[in-house]
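Enquirer: Quick one: the structure is below, questions incoming.
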Amino acid sequence: MFLDGIKSWSYKGEFFEDNINGNGKFKWNDQKIYNGSWVNNELSGYGILIDGNNKYIGYLENNMKNGYGASFYNSQNAILGFWQNDLIEGYAIIILINSNPEKNKKIIQISSEENDISSDENKSDFKYIKTLKGEIIKSNLEQDELNEFKLSKEYDDMIQLYNDKILPDFEQNLEESKSEENQSSSFFGNF
């Protein structure tokens, strides 16, 4: 489906009764893409939402981040947690993906009052731990609370979802992006 034949946005996927339902990929432009589950023309279910350099991989409902998911910022770090109406609710795990200490110095610092890394407008309190290769390097939790959180089912569920589904999808998405870039450059290289 294309808007009036213009390819500025497109959808390729499943429909039911003239609505986008099921799985599909919607491209608003080169910067904003969603590939995942739809219910009655709304982003609902598990999917990958790309908006510029920011990627969200996880669960959505009513076009908003709702459920467990991770936001990746400039491929340098991820914030993993339970989202409600686009904001993290409760605990978050900040994962430093790039293990280069020089690059890690440049990672956006998150205070306990900031919820959305990319925006100063949406702020709310949440508790977080920051990890590098599974080791906690910073936390705004008291030691007892941190120990309790690390032993909780919530922590296990978040880490398991991240390792089993979100991270592989993120890595596959990076590979697909590189492949698309190479195809584009080789196509234009023919002229």
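The values are calculated or read from the model by the stated rules, or taken from the named source; none is laboratory data. Just so we're clear, the structure is a prediction, and the values are computed from it rather than from any experiment. Here Cβ is always computed from backbone atoms with ideal geometry, including for glycine, and neighbour counts include all displayed protein chains.
Enquirer: I'd like to know if region 138-148 contains one or more residues that are more than 25 Å from Tyr34 (Cα to Cα) and at pLDDT below 65. Break it down into steps so the answer makes sense when it comes.
Expert: Filtering region 138-148 down to residues more than 25 Å from Tyr34 (Cα to Cα) leaves 138-148.
Next cut, at pLDDT below 65 only: none.
Checked against the condition, which is being more than 25 Å from Tyr34 (Cα to Cα) and at pLDDT below 65, region 138-148 yields no hits at all.
Enquirer: Kindly list the number of the only condition in (1) at pLDDT 90 or above; (2) in contact with a helix residue (DSSP H, G or I) (Cβ under 7 Å, 6 or more places away or on another chain); (3) farther than 21 Å from Ser152 by Cα that fails for Leu96.
Expert: (1)
Enquirer: In region 51-75, what residues are buried (at least 19 other Cβ atoms within 10 Å of the Cβ) and among the hydrophobic types (A, V, I, L, M, F, W, C)?
Expert: Listed by number, the residues that qualify are Ile57, Leu60, Ala70, Phe72.
Enquirer: Please go through region 44-64 and pick out each residue that is within 24 Å of Ile97 (Cβ to Cβ) and in contact with a Gly (Cβ under 7 Å, 6 or more places away or on another chain).
Expert: Within region 44-64, Tyr46, Gly47, Ile48, Tyr56, Ile57, Gly58, Tyr59, Leu60 qualify.
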